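Participant: To start, I am sharing the structure in question, which I have written as structure tokens.
The values are calculated or read from the model by the stated rules, or taken from the named source; none is laboratory data. Since we're looking at a predicted model, the values are computed, not measured. Neighbour counts are summed over all protein chains in view; Cβ atoms, including those assigned to glycine, are modelled from backbone coordinates with ideal geometry.
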Amino acid sequence: MKIIVCIKQVPATMKVEVDAESGTLKRIGQNAKTNPYDLYAIEAALRIREQVGGSVTALTMGPQQTEEMMRDAYMMGVDEAVVMSDPKFAGSDVLATSFTLFQGIRLLGGADLIICGKQTTDGDTAQIGPAIAEHMGIPHVAWVSNIERVTTDLISVIQKTGSFIQESEMKFPCLITVDKDIFVPRLPSYRLGLATANKNIRFISFKDLSDKNMTRYGLIGSPTKVEKMFQPESSDGQEYINGTSIEKADSIFELLKNQKII
Amino acid sequence: MNFIHFDVNKCILCRECIEKCPFNALCMGKNGIEVNDACRMCSVCVKVCSAEAISFEQKAGVVDKSEWNGILVYIEQDHGDIHPVAFELIGEAHRLAAIVGFDVYAVIVGADGTENNAEKLIAYGVKKVFVYEHKGFYGFKADCYTDAVSDCIAMLKPSVVLIGATSVGRSLSPRLSTRFHTGLTADCTKLLMSENTDLIQIRPAFGGNIMAQILVEDSRPQFATVRYKVMERAEKIENPVGEVVRCNVTDYLAQSRIKVCGIKSIHRKKMIEEEEILVVAGRGVKDEKGLNLVKGLAENLGGQLCFTRPMIESGLGDTAHQIGLSGRTVKPKLIITCGVSGAIQFSSCMNGSECIIAINNDPNSQIFNIAHYCIVDNLYEIVPRLLERIQTQKEA
Ligand SMILES: Cc1cc2nc3c(=O)[nH]c(=O)nc-3n(C[C@H](O)[C@H](O)[C@H](O)COP(=O)(O)OP(=O)(O)OC[C@H]3O[C@@H](n4cnc5c(N)ncnc54)[C@H](O)[C@@H]3O)c2cc1C
Ligand SMILES: Nc1ncnc2c1ncn2[C@@H]1O[C@H](COP(=O)(O)O)[C@@H](O)[C@H]1O
């Protein structure tokens, strides 16, 4: 059984500001970490491997500086770490990112099961997983909250759909995105860190991919264009309620009564 | 549409795809199978090809925008009922459509009862509701639902497709936008229409600290998902003239590689998105006593108690009761925040509420930038008194 887990490095802090004059982003803090939701994906992959055997490959598309994240992945227990990095991939939106990852997965010889996190904390779209599945022409279930059963040829999972929960079964190859809390992610192990310290991280660039049509990667391959960024506005029409604590509480009470809430 | 790719090395020329294509879009050409304009991208050929020689291949390219008109709303069904977000999307679609003279359409996919639900949409001024009803659509199966909606999109050629940003909608929409090689903007909080039919899509980015304005200039359709409770619900109109169009669903179209083994209802209270009254506990609620106070307030007002993220993280509930970017967006009639600082990740997901009352002892806390009624005070003083007054009123 071959499992590929897609993970992404995200900024450690989301504090950003727009420069009012130039309209460009001022990013505060350069620290990066593994997208927290992807730790659940790694954990799910490792548990499935423990149950049915096989290998787990961590795959990411991003800048070269993802080494630390991949070392952490090794320390959690993945068998192989692959980074797709190329200036040509820069500026990718959902379509281009998912296409690039699909090309990477293809280069790795495909997978029986692909696992993504539910969403990233910076992109926050939850779209990459299903988009990869569509590129590959395989079925997927998103936001899996429980894995009921897994054998060497199928997986059965629980997902919430509206006000119901649905149990679905898929044969491999397929893709799942896992919700937070599916399992508690294990911590990176010092012992595994020592054991994998010399393990290679494989780098893949544009020239390695079979589809070299430039119009499908990076900024050119991205149909969505961010036109501008701006600071959210704050609303007005406010009233401060004054007086002693008791008077203030009474004012709220009158307010609620006037609005026919009580 | 040249989206279908035949692998000539794999194709065994068995003609199965030509025979099974519901739209007669395939024929035997000089260099193997060829596809014509009748193709609806329903993927029946992909499913019937035993040699796995057919796949979808999206090609970038500038489309002729004038060929893509109207707004299509995807109507989600929550196991028999229309999901209320659908009515909000219709409302928003009407507003956008009016700017450029578009019509509003709807598409609904599901098992028994789907056509009945489709009838209910006509009253909201939808021109046509396309129905894909088949027992194979029981439950939610991302793959064949994508096939059905693709079939509708390829036939109608809408400029814009709106989908609810629910767990189902967010699973379906990326597959659709990928199949049509176009853009998708998730979780839009505001939509505007330009004269040239480009949809201006605004959504929070970087955890809500910044708003991003996004365009899809060269591709169609333009896909956007919108959360429940963000847009204004559509009103019923007088003398609606729309029609329900039952689309042909072959067994192949409804065929899926996802097997639904069971569906259980989660025995539950209302979701916080559905509540008209909410009381929120932030970190200013420090102990059991405070928790009982705010809980009592929520109960006495007939609403629900929910939380900020740090409170959920400390074990007070699940994310279904968390307001904010990584929780839920709410838009109740009344929301009372107790000991909430009002960080943007929180407030951007509740600032559409009709009436916001904020109780916080720090006059500089951000919550006062968005509250309609500001109470700078200790919640342990305010809430007990308020509770007392409400309870005496009830007894009277
Ligand atoms: C990507 C990202 C996503 C996030 N998503 C969410 C989300 O979905 N939801 C969310 O809530 N947060 C979210 N956050 C966190 C958010 O930034 C804030 O940290 C959080 O909302 C603060 O919660 P709080 O107001 O309960 O706590 P605090 O910020 O600690 O505020 C407590 C407030 O209580 C007041 N107080 C203390 N004692 C009293 C008293 N006795 N009486 C009255 N007032 C008192 C204090 O003055 C203070 O203002 C997210 C952050 C990021 C980066
Ligand atoms: N650049 C990337 N490299 C690898 N995996 C990614 C990347 N971007 C997104 N993913 C995966 O897709 C999931 C959803 O991401 P998003 O659509 O950005 O919210 C993440 O949890 C990851 O598993």
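Participant: Between B:104, B:100, B:131, which is in the same structural domain as residue B:189 (by TED's automatic domain parsing) and within 13 Å of residue B:249 (Cβ to Cβ)?
Facilitator: Working: B:104 fails: within 13 Å of residue B:249 (Cβ to Cβ); B:100 fails: within 13 Å of residue B:249 (Cβ to Cβ).
Criteria check complete, one pass: B:131.
Participant: I'm trying to understand the selection: among the residues of region B:83-99, which are surrounded by fewer than 22 Cβ atoms within 10 Å (Cβ to Cβ), under 12 Å from the mean Cα position of the chain (by Cα) and more than 14 Å from residue B:165 (Cβ to Cβ)?
Facilitator: B:87
Participant: If you don't mind, another one. Restricting to region A:93-115, count the residues that are of a type in the set (Gly, Ala, Ser) and over 18 Å from residue A:45 (Cβ atoms).
Facilitator: 2
Participant: Of the residues that sit in region A:105-117 and are of a type outside the set (A, V, I, L, M, F, W, C) and surrounded by fewer than 24 Cβ atoms within 10 Å (Cβ to Cβ), which one is nearest to residue A:56 (Cα to Cα)?
Facilitator: Just the residues of region A:105-117 that are of a type outside the set (A, V, I, L, M, F, W, C), to begin with: A:106, A:109-110, A:112, A:117.
Subsequent filtering for residues that are surrounded by fewer than 24 Cβ atoms within 10 Å (Cβ to Cβ) retains A:106, A:109-110, A:112.
On the way: A:106: 15, A:109: 13, A:110: 12, A:112: 11 Å.
By that ranking, first place goes to A:112.
Participant: Taking residue A:93 as the residue in question, decide whether it is within 14 Å of ligand 2 (Cβ to nearest atom) and acidic (Asp, Glu). Walk me through how you get there before you give the answer.
Facilitator: On the way: within 14 Å of ligand 2 (Cβ to nearest atom): yes; acidic (Asp, Glu): yes.
Here the answer is yes, as residue A:93 does meet what is asked.
Participant: Continuing with the same structure: For region A:116-139, what are the residues that are within 16 Å of ligand 1 (Cβ to nearest atom) and within 14 Å of residue A:41 (Cα to Cα)? Working first, answer last.
Facilitator: Initially, region A:116-139 is screened for residues within 16 Å of ligand 1 (Cβ to nearest atom), giving A:117-126.
Within region A:116-139, A:117, A:118, A:119, A:120, A:126 meet the criteria.
Participant: Which of the residues that make up region B:14-56 are of a type in the set (Asp, Glu) and within 14 Å of another protein chain (Cβ to nearest Cβ)?
Facilitator: So the first thing to find is which residues in region B:14-56 are of a type in the set (Asp, Glu), and the list is B:16, B:19, B:34, B:37, B:52.
Result: B:52, single match.
Participant: Something else now. Every residue in region B:348-365 that is near ligand 1 (Cβ under 8 Å from one of its atoms) and either modelled with pLDDT under 95 or out of contact with any Asp or Glu (no Cβ under 7 Å at 6 or more places or on another chain) (or both), please.
Facilitator: Here is the first cut: in region B:348-365, the ones near ligand 1 (Cβ under 8 Å from one of its atoms) are B:349, B:359-362, B:365.
Those that are near ligand 1 (Cβ under 8 Å from one of its atoms) and either modelled with pLDDT under 95 or out of contact with any Asp or Glu (no Cβ under 7 Å at 6 or more places or on another chain) (or both): B:349, B:360, B:362, B:365.
Quick grid of which residues meet (1) within 15 Å of ligand 2 (Cβ to nearest atom); (2) surrounded by fewer than 22 Cβ atoms within 10 Å (Cβ to Cβ); (3) part of a strand (DSSP E or B):
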| position | (1), (2), (3) |
| --- | --- |
| B:197 | no, yes, no |
| B:204 | yes, yes, yes |
| B:219 | no, no, no |
| B:223 | yes, no, yes |
| B:234 | no, no, no |
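Participant: Of everything in region B:269-298, what is within 14 Å of chain A (Cβ to nearest Cβ) and not acidic (Asp, Glu)? Give them in sequence order.
Facilitator: Of all residues in region B:269-298, those within 14 Å of chain A (Cβ to nearest Cβ) come to B:269-279, B:293-294, B:296-298.
Passing the criteria: B:269, B:270, B:271, B:272, B:277, B:278, B:279, B:293, B:294, B:296, B:297, B:298.
Participant: A further question follows. If you go through region A:124-170, how many residues are within 16 Å of residue B:142 (Cα to Cα), of a type in the set (D, E, K, R) and part of a strand (DSSP E or B)?
Facilitator: 3
Participant: Among the residues of region A:217-225, is there at least one that is surrounded by 14 or more Cβ atoms within 10 Å (Cβ to Cβ), within 26 Å of the chain's Cα centre (by Cα) and over 24 Å from residue A:92 (Cβ atoms)?
Facilitator: Keep residues of region A:217-225 that are surrounded by 14 or more Cβ atoms within 10 Å (Cβ to Cβ), which gives A:217-218, A:220-225.
From the residues that got through so far, the ones that are within 26 Å of the chain's Cα centre (by Cα) too are A:217-218, A:220-225.
From what's left, over 24 Å from residue A:92 (Cβ atoms): none.
No, because not a single residue in region A:217-225 is surrounded by 14 or more Cβ atoms within 10 Å (Cβ to Cβ), within 26 Å of the chain's Cα centre (by Cα) and over 24 Å from residue A:92 (Cβ atoms).
Participant: If you go through region A:146-188 one residue at a time, how many are of a type in the set (Gly, Ala, Ser) and either modelled with pLDDT of 95 or more or under 13 Å from residue A:44 (Cα atoms) (or both)?
Facilitator: Applying the first criterion (of a type in the set (Gly, Ala, Ser)) to region A:146-188 yields A:156, A:162-163, A:168.
Keeping just the survivors that are either modelled with pLDDT of 95 or more or under 13 Å from residue A:44 (Cα atoms) (or both) gives A:156, A:168.
So the answer is 2.
Participant: Still on this model: Any residue in region A:137-147 that is within 12 Å of chain B (Cβ to nearest Cβ), of a type in the set (S, T, N, Q) and under 16 Å from residue B:174 (Cβ atoms)?
Facilitator: no
Participant: Given A:206, A:230, A:253, which one is aromatic (Phe, Trp, Tyr), within 25 Å of the chain's Cα centre (by Cα) and either at the interface with chain B (Cβ under 7 Å from one of its Cβ atoms) or closer than 30 Å to residue B:353 by Cα (or both)?
Facilitator: Values: A:206 fails: either at the interface with chain B (Cβ under 7 Å from one of its Cβ atoms) or closer than 30 Å to residue B:353 by Cα (or both); A:253 fails: within 25 Å of the chain's Cα centre (by Cα).
None of the other options fit; the residue is A:230.
Participant: Among B:344, B:382, which is crowded, with 22+ Cβ neighbours inside 10 Å, free of Cβ contacts under 8 Å to residues at least 60 places away in the same chain, away from ligand 2 (no atom under 16 Å from the Cβ) and not basic (Lys, Arg)? Steps first, answer last, please.
Facilitator: Details: B:344 fails: free of Cβ contacts under 8 Å to residues at least 60 places away in the same chain.
Within the list B:344, B:382, the selection yields B:382.
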